[in-house]
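Notes for the one structure printed next.
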Amino acid sequence: MVVFLANRANLQSKRLHDRIQNRLSADFTTVRRRRAEPREAGPYRVVVDVNPRRFLDNDGYPVTEARIEAGFQLQTGRTYEYYWFNWIEPARSLLVGWHQDDTHDDLGPVHLQVNDGSTAVDHQRATFIDTHPLDVVEQRLESLPAAIAAVQWDDDRPVGFDVSPSVSDQ
């Protein structure tokens, strides 16, 4: 694991997202930065196209296309940044992701979420990582396979998470 020590107060959004794009380009071939959609918080997202079978080291994984999307909002009025780190499988309308934002305050500053299409079906408290955004990307990327594996399914639809300690500690 690489630890990034930097003055987070001096972060600039476009530059940060460019650095995330550069970092992820070392491990993935298709990485791009895009402007956030009007419905999305924060100004940018870094999008990575992924072969789930290769990423998860599972030749039997049911889909062959997915993407990872990461975005940070730096000026939040809080002592920490907001971020969204999502795994998205369009073919199954699945989203699994960590969201550090001002929603679900009952779960703390960050939660792990699973969506079936645009509907959130479960939220779990997740570990707050108080470090530089590039380190957050590293830690979430490392934890992503376990979070994906924890999704529970019913009739080919995601219905929640296995709430074992390994998931709630992420």
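The values are calculated or read from the model by the stated rules, or taken from the named source; none is laboratory data. Note that this is a predicted model, so its numbers are computed, not measured. Cβ coordinates were reconstructed from backbone atoms using ideal geometry, including for glycine residues, and neighbour counts include every protein chain displayed.
Kindly list, by first and then second residue, each pair from a residue in region 118-135 that is more than 15 Å from G108 (Cα to Cα) to a residue that is of a type in the set (K, R), limited to pairs with Cβ atoms under 8 Å and residues at least 6 apart or on different chains. From residues that are more than 15 Å from G108 (Cα to Cα), the pairs are H132/R8; P133/R8; L134/R19; L134/R23. When residues in region 137-163 are screened for being touching a residue at least 60 places away in the same chain (Cβ under 8 Å) and within 22 Å of H104 (Cα to Cα), 7 of them pass. Please determine whether any residue of region 79-88 is without any contact (Cβ under 8 Å) to a residue 40 or more places away in the chain, farther than 22 Å from Q152 by Cβ, over 15 Å from the mean Cα position of the chain (by Cα) and exposed (fewer than 15 other Cβ atoms within 10 Å of the Cβ). Checking region 79-88: at least one residue is without any contact (Cβ under 8 Å) to a residue 40 or more places away in the chain, farther than 22 Å from Q152 by Cβ, over 15 Å from the mean Cα position of the chain (by Cα) and exposed (fewer than 15 other Cβ atoms within 10 Å of the Cβ).
Within the option set V137, V167, V114, V121, being in contact with a helix residue (DSSP H, G or I) (Cβ under 8 Å, 6 or more places away or on another chain) and either loosely packed, with under 14 Cβ neighbours inside 10 Å or at pLDDT 95 or above (or both) holds for one residue only, V137. Mind checking whether some residue in region 92-102 is under 20 Å from I68 (Cβ atoms), in a helix (DSSP H, G or I), of a type in the set (G, A, S) and under 15 Å from the mean Cα position of the chain (by Cα)? No: zero hits. Scanning region 61-78 for residues that are surrounded by 16 or more Cβ atoms within 10 Å (Cβ to Cβ), of a type in the set (A, V, I, L, M, F, W, C) and more than 14 Å from the chain's Cα centre (by Cα) yields a single hit, L74. Screening G42, G77, G71 for residues that are under 19 Å from Q113 (Cα atoms) and assigned to a loop (DSSP other than H, G, I, E, B) leaves exactly one candidate, G42.
In the set (1) more than 15 Å from the chain's Cα centre (by Cα); (2) under 23 Å from D130 (Cα atoms); (3) not basic (K, R), the condition left unmet by L112 is number (1).
Here is a yes/no grid of residues against (1) touching a Ser or Thr at 6+ places or on another chain (Cβ under 9 Å); (2) among the small types (G, A, S):
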residue: W84; (1), (2): no, no
residue: W87; (1), (2): no, no
residue: P90; (1), (2): no, no
residue: S93; (1), (2): yes, yes
residue: G97; (1), (2): no, yes
residue: T103; (1), (2): no, no
residue: H111; (1), (2): yes, no
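Picking from residues in region 49-67 that are in a loop (DSSP other than H, G, I, E, B) and acidic (D, E), the one that is farthest from D27 (Cα to Cα) is D59. Evaluating E37 against the criteria (1) at pLDDT below 95; (2) within 15 Å of the chain's Cα centre (by Cα) leaves one unmet condition, (2).
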